[in-house]
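**Q** Here's a structure for you.
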Amino acid sequence: MATLILSAVGTAIGGPLGGALGALIGQQFDSAVIGKRRVEGARLKELSVQTSSYGSPIPMHFGTIRASGSVIWATELAEQQERSGGKGRPSVTTYSYTASFAVAVASRPIVGIGRIWADGNLLRGHAGDLKVGGTLRVHTGHGDQGPDPLLVQAEGEGLNPAYRNIAYVVFEDLALADYGNRLPSLTLEVIADDGAVSLADILHAADHALDTSNLDQVTLSGFTFDQGSTADIVPVLGEIAPIFCNVQNERLTLGLADSLGETEPFTLPPPCAGGDSAEDARQDGWARRRDALPASQQCVVRYYDIARDYQPGLQRSLGRSEPGDVALIELPVAMNATEAATVADKAARRRTEARDTLRYRITEISAECSPGAIVRTPVAEGNWRIEQWEWQADGVMLDLVPVAAVAPLSVTADPGRANPSIDLVAVPTRIVAFELPWDGTGNGDVADVKIAASAETAGWTGAALYVQSDDGTLTPVGSTGRRRAVVGQALSAIAGTSPLVFDPQSRVELELAADDLTLGNATWAQLMQGANRALLGSEIIQFSRAERIAGRQWQLSGLLRGRGGTENAVSDHTVGEPFALIDDRLVSPTGSQADLATGSTIVGIGLGDSAPASSAIINMGLTTRPLAPVHGSVLWQADGSALLRWIRRARGSWGWLDGLEVPLGEPSELWEVAFGPASNPTQVWQTTESQLLLPAALAQSLSALPGANFAVRQIGLRSKSDPLVIALTA
């Protein structure tokens, strides 16, 4: 407005000169008050910004790129509580939180979503597995996509849009424990197209009216922009490959400025001298102007580095530069370090080339002489590109610039060291649950249940543990943690032998759950201290030598058998029975004894489990079961009576101390002596001493029966011991 007013005033006062001065002053005033038009086109941005505000632009992505998104829908945090403890343990209530939300990622259809980072940590891996609990659904943004079922359920079918032509993802019940119980800031690897994308595809998507068929030669791994027009995108892409424009058949055509094309360049006719009114090329019809060589300037390219998980990278051009600022080129492009360094070098070369312009007048109009065409002239060697033309009274004036020779660049660059998030695929859980004998510490009346949980790879993140009752009800009893125990299965059935002596001959072959799980050797002294204890089937063994055969296969030898009162299982082995190393990697369920009493099966559920992993509790009741007595004998008395004798053992007392009797380990000493078949004994006695005297007549009559055996059991507070068999022989 000030430009118009002051121009009119200046013309009235000072004529044309006054009008020009008034217009100049008014223009400066308008610029100061109103400001100039400012449009920001495609540019590189940091990855950590996730928005949820109205009016935020949703970008267009091409190829494969990493980008943040905009939260377009979310629920309140959902709270879950889990109680554990009781029966001698403190009651603990654990709270966890989940959230469901949707994130818009692109304003054009995409192929899919690759990896996802939450607060910089990997949330979804290459295999499509989430590293925390939850469900992910991807909507690719096509025009016929339907609404998400969760959004329909939450908002109602009539109130929920399908977000057609917008690609978005929906997280359902995403576990938030690793993110401070809040929505994390997400960045996603958006796979917008299969493979690389050309400049023609990018510009055509931005403006369908453009003719970009001449830009198919240059391809990019990924590109993104979220604001500005086509005119703002072209200069950005022009830093990668210079682009010219032309209008043909009322359509804007774009092409590569340095490309000669497939046809031979057109040769211009001789120049035509101009008339007296011509200001340029008056006499000869052409004029050439060379500017002074500009000062060298170093170029720096910022880009998304593929080798560094699309984090912003920076590459500089080679060579020295004059003092001053470097030219910063921000490219929202996914490329490797060598490609970025090549772009920087080419940009630096273009900035240090002298400006060479040829003004050339012709009188013949030809389709080959349109702007952007590559031509040759009879007055100057080389190939020239028509930059612009001007219709004049005495001809058509062409402005020509030389087509630079494309010299091959041999550039190598290093993206720098990256510390990418470890992408380990979640794998199924393997568990072995068993009960250990009482070790003499703590409360011996509480079952000592241990769980050996493991998996095939280190990508296993642990599992939630439950006790399964007979009706299928699951009662939570804690979790395993991420530390893997050494578990496996037997490839051979070990033969039975005496548990009283060292067994140097027996061998057992195992297959462990993973290649990186190992076993070690132990000396005799270490064995006596409890080293290398393991559960094999129902028997607890110790091994002195472990040898890897191949891969996961191991062979154990140098065995001590029937440890911890499991001598009755020495001869009960099969191929495929479970193996678990007893060490500090075992976990104990956190539930109360009442919880553990609801069932005899432990269930583990982890992220990689399509079905729950389960294990029946092996040796259930072993902790509270009295040990079987030993050294049974029959002493015949002079009067014909028989005295049955045995030596008791005690739970938790595994050392035989000279001169001391082992503690009882039970509220009272009580024994059951049964005669006859184990399933249906004919006579049963109870005694409070470690002996039983049979009268002469009874002893003689029983000894005459076939299979005259006595089964001696100690009666404990909660169960009976395994039997000691004593044969009654005359």
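**Q** If you check residue 239 against the conditions, is it surrounded by fewer than 21 Cβ atoms within 10 Å (Cβ to Cβ), more than 21 Å from residue 329 (Cα to Cα) and touching a helix residue (DSSP H, G or I) at 6+ places or on another chain (Cβ under 9 Å)? Step through it out loud before you land on a result.
**A** On the way: surrounded by fewer than 21 Cβ atoms within 10 Å (Cβ to Cβ): yes; more than 21 Å from residue 329 (Cα to Cα): no; touching a helix residue (DSSP H, G or I) at 6+ places or on another chain (Cβ under 9 Å): yes.
When the stated conditions are applied, residue 239 does not pass them.
**Q** From the residues in segment 629-657 that are surrounded by 20 or more Cβ atoms within 10 Å (Cβ to Cβ) and at pLDDT 90 or above, which one is farthest from residue 442 (Cα to Cα)?
**A** Among them, the one singled out is 642.
**Q** Return only the number of the condition from (1) closer than 21 Å to residue 726 by Cβ; (2) surrounded by fewer than 21 Cβ atoms within 10 Å (Cβ to Cβ); (3) aliphatic (A, V, I, L, M) that residue 660 does not satisfy.
**A** The failed condition is (1).
**Q** Within the bounds of segment 228-236, is there any residue that is part of a loop (DSSP other than H, G, I, E, B), over 23 Å from residue 366 (Cβ atoms), modelled with pLDDT of 75 or more and within 53 Å of the chain's Cα centre (by Cα)? Reasoning before the result, please.
**A** Narrowing segment 228-236 to residues part of a loop (DSSP other than H, G, I, E, B): 228-229.
From what's left, over 23 Å from residue 366 (Cβ atoms): 228-229.
If we keep only those that are modelled with pLDDT of 75 or more too, we end up with 229.
Now narrow it down to the ones that are within 53 Å of the chain's Cα centre (by Cα): 229.
Yes, segment 228-236 contains a residue that is part of a loop (DSSP other than H, G, I, E, B), over 23 Å from residue 366 (Cβ atoms), modelled with pLDDT of 75 or more and within 53 Å of the chain's Cα centre (by Cα).
**Q** Quick one: residue 446 ticks every box in (1) buried (at least 18 other Cβ atoms within 10 Å of the Cβ); (2) in contact with a Ser or Thr (Cβ under 9 Å, 6 or more places away or on another chain); (3) farther than 14 Å from residue 602 by Cα except a single one, so which number is it?
**A** Result: residue 446 passes all but (1).
**Q** Let me ask you something else. Among the residues of segment 490-519, count how many are within 20 Å of residue 584 (Cα to Cα) and surrounded by 15 or more Cβ atoms within 10 Å (Cβ to Cβ).
**A** Number of matching residues: 5.
**Q** If you check 461, 497, which single one turns out to be in contact (Cβ under 8 Å) with a residue 12 or more places away in the chain, in contact with a Ser or Thr (Cβ under 9 Å, 6 or more places away or on another chain) and assigned by TED's automatic domain parsing to the domain that holds residue 575? Walk me through it before giving the result.
**A** On the way: 461 fails: in contact with a Ser or Thr (Cβ under 9 Å, 6 or more places away or on another chain).
Sole residue among the options that is in contact (Cβ under 8 Å) with a residue 12 or more places away in the chain, in contact with a Ser or Thr (Cβ under 9 Å, 6 or more places away or on another chain) and assigned by TED's automatic domain parsing to the domain that holds residue 575: 497.
**Q** Residue 678 - would you say it is farther than 29 Å from residue 447 by Cβ and either within 59 Å of the chain's Cα centre (by Cα) or not assigned by TED's automatic domain parsing to the domain that holds residue 569 (or both)? Working first, answer last.
**A** Working: farther than 29 Å from residue 447 by Cβ: no; either within 59 Å of the chain's Cα centre (by Cα) or not assigned by TED's automatic domain parsing to the domain that holds residue 569 (or both): yes.
For residue 678, the condition - farther than 29 Å from residue 447 by Cβ and either within 59 Å of the chain's Cα centre (by Cα) or not assigned by TED's automatic domain parsing to the domain that holds residue 569 (or both) - is not met.
**Q** What's the number of the only condition in (1) more than 19 Å from residue 582 (Cα to Cα); (2) touching a strand residue (DSSP E or B) at 6+ places or on another chain (Cβ under 7 Å) that residue 519 fails to meet?
**A** That leaves (1) as the condition not met.
**Q** In addition: Given the structure, is residue 649 over 20 Å from residue 436 (Cα atoms) and basic (Lys, Arg)? Before you say what the answer is, go through the steps one by one.
**A** Working: over 20 Å from residue 436 (Cα atoms): no; basic (Lys, Arg): yes.
Here the answer is no, as residue 649 does not meet what is asked.
**Q** Then there's this: Across segment 663-677, which residue is surrounded by the most Cβ atoms within 10 Å (Cβ to Cβ) among those that are farther than 30 Å from residue 706 by Cα and of a type in the set (Gly, Ala, Ser)?
**A** As a first pass, look at segment 663-677 and keep what is farther than 30 Å from residue 706 by Cα: 663-669.
Now narrow it down to the ones that are of a type in the set (Gly, Ala, Ser): 665, 668.
Working: 665: 20, 668: 9.
For segment 663-677, the residue satisfying everything is 665.
**Q** Another one. How many residues, within segment 493-527, are touching a Lys or Arg at 6+ places or on another chain (Cβ under 6 Å), over 20 Å from residue 537 (Cα atoms) and of a type in the set (Asp, Glu)?
**A** Here the count works out to 1.
**Q** Same structure, new question: Against the condition modelled with pLDDT of 85 or more and within 30 Å of residue 187 (Cα to Cα), how does residue 338 come out, does it pass?
**A** Details: modelled with pLDDT of 85 or more: yes; within 30 Å of residue 187 (Cα to Cα): yes.
So residue 338 passes the test.
**Q** Give the residues of segment 492-519 that are in a loop (DSSP other than H, G, I, E, B) and within 26 Å of residue 459 (Cα to Cα), sorted by residue number.
**A** To start, the set of residues in segment 492-519 that are in a loop (DSSP other than H, G, I, E, B) comprises 492-502, 513-519.
Matches in segment 492-519: 513, 514, 515, 516, 517, 518, 519.
**Q** Tell me the strands (runs of 3 or more DSSP E) entirely within segment 121-206 that contain at least 1 residues that are on the phi > 0 side of the Ramachandran plot and either in contact (Cβ under 8 Å) with a residue 24 or more places away in the chain or among the polar types (S, T, N, Q) (or both).
**A** Values: elements: 121-124, 135-139, 167-175, 186-191.
Answer list for segment 121-206: 167-175.
**Q** Does residue 167 fit the bill of being crowded, with 19+ Cβ neighbours inside 10 Å and over 20 Å from residue 374 (Cα atoms)? Even if it seems obvious, please write down each step before you answer.
**A** On the way: crowded, with 19+ Cβ neighbours inside 10 Å: yes; over 20 Å from residue 374 (Cα atoms): yes.
When the stated conditions are applied, residue 167 passes them.
**Q** Ok, one more. I want to confirm something. Restricting to segment 285-300 and keeping residues that are part of a strand (DSSP E or B) and either in contact (Cβ under 8 Å) with a residue 60 or more places away in the chain or among the acidic types (Asp, Glu) (or both), which single residue is farthest from residue 343 (Cα to Cα)?
**A** Taking segment 285-300 first, the residues part of a strand (DSSP E or B) are 286-290, 299-300.
Applying the additional criterion that residues be either in contact (Cβ under 8 Å) with a residue 60 or more places away in the chain or among the acidic types (Asp, Glu) (or both) yields 286-290.
On the way: 286: 35, 287: 33, 288: 30, 289: 28, 290: 26 Å.
Step by step, filter segment 285-300, then rank; the result is 286.
**Q** Pairs please, first residue from segment 59-81 and free of Cβ contacts under 8 Å to residues at least 60 places away in the same chain, second anywhere and of a type in the set (A, V, I, L, M) and assigned to a strand (DSSP E or B), Cβ atoms under 9 Å, 6+ apart in sequence or on different chains.
**A** Hits for this filter: 70/103; 70/104; 70/105; 76/99.
**Q** Considering only strands (runs of 3 or more DSSP E) fully contained in segment 520-606, which possess at least 1 residues that are among the aliphatic types (A, V, I, L, M), surrounded by fewer than 20 Cβ atoms within 10 Å (Cβ to Cβ) and under 36 Å from the mean Cα position of the chain (by Cα)? Full working, then the answer.
**A** On the way: elements: 533-536, 539-550, 553-563, 578-581, 601-606.
Per the criteria, 539-550, 601-606.
This table checks each residue for (1) more than 27 Å from the chain's Cα centre (by Cα); (2) more than 12 Å from residue 587 (Cβ to Cβ).
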| residue | (1), (2) |
| --- | --- |
| 452 | no, no |
| 455 | no, yes |
| 462 | no, no |
| 467 | yes, yes |
| 471 | yes, yes |
| 474 | yes, yes |
| 478 | no, no |
| 481 | no, no |
| 485 | no, no |
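Condition check ((1) out of contact with any helix residue (DSSP H, G or I) (no Cβ under 7 Å at 6 or more places or on another chain); (2) without any contact (Cβ under 8 Å) to a residue 40 or more places away in the chain; (3) not in a loop (DSSP other than H, G, I, E, B)) across all residues:
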site	(1), (2), (3)
610	yes, no, no
621	yes, no, no
625	yes, no, no
640	no, no, no
643	yes, no, yes
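**Q** Kindly provide the set of residues from segment 244-269 that are assigned to a strand (DSSP E or B) and either at pLDDT 85 or above or of a type outside the set (Val, Ile, Thr) (or both), ordered by number. Even if it seems obvious, please write down each step before you answer.
**A** Residues of segment 244-269 that are assigned to a strand (DSSP E or B), as a first pass: 244-248, 251-256, 266-267.
Within segment 244-269, 244, 245, 246, 248, 251, 252, 254, 255, 256, 266, 267 qualify.
**Q** Six or more apart or on different chains, Cβ under 7 Å: which pairs go from a residue in segment 700-712 that's in contact (Cβ under 8 Å) with a residue 12 or more places away in the chain to one that's loosely packed, with under 12 Cβ neighbours inside 10 Å and among the hydroxyl-bearing types (Ser, Thr, Tyr)? Could you list them?
**A** Correct list of pairs: 703/729.
The values are calculated or read from the model by the stated rules, or taken from the named source; none is laboratory data. Computed from a prediction, not measured in an experiment: that's the story for all the values here. Here the Cβ is made from the backbone with ideal geometry for all residues, glycine too, and neighbour counts use every protein chain on show.
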